[in-house]
């Protein structure tokens, strides 16, 4: 189990283009701790495993099943039991871009099982613009978003409206009772953005990404 975990962690980190030091900083751990995890000399406790899974936006089981992680990169099984959900506009992976809502009639077919019993009206689809959330979300990806006005925890990825009419997809960090919110890109080439004071009053969560639909171009 340790050997599988260390291999999956290393691949997740490299796919996100992060060094051990960068990953340690984002998780609030010592760089030597990440090194020990990847060498297989230590294994995280349950809370740290949850933190790692949330950061990479994977199910915790994936951390101990390398085959499952690889399978996530393969085409899904074909099914006729699907629902069509409208692509209502674009959302920036970067900053300072207007929220664009312009439904042209485009829809994405999502397997019904992927909604986990929820109604399709609880979801919408946005097209990602930019690469600050690479490699989890890439330019041109269609992202299925669950309508939700709150995050489940600090560090979760959310679709955020801020600055009155700007929208972005970012990992959102906050501390309960404190007057700030930090929008954190996955791509280390982009800086985080901290929102404080009166600007925070114009921020709101509009949803949580659940599924990525990506066209593979050969």
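Values as computed for the structure displayed
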item	result
Sorted peptide list for 26-35, 120-129, criterion being average Cβ within 10 angstrom, highest first	120-129, 26-35
Order of 181, 138 - criterion: other Cβ atoms within 10 Å of each residue's Cβ, fewest first	138, 181
Full-extension gain in nm, residue 42 to residue 84, via 0.36 nm per residue minus C-alpha separation	10.6 nm
Residues 141, 7 arranged by fewest to most Cβ contacts within 10 Å	7, 141
Extension gain (nm, one decimal) between residue 122 and residue 50, 0.36 nm per residue minus Cα-Cα	23.3 nm
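All of the numbers you see were taken from the coordinates with simple rules; none came from a lab. No experiment lies behind these values; they were computed from the predicted model shown. For neighbour counting, all protein chains shown are included, and Cβ atoms are generated from backbone atoms with ideal geometry for every residue, glycine included.
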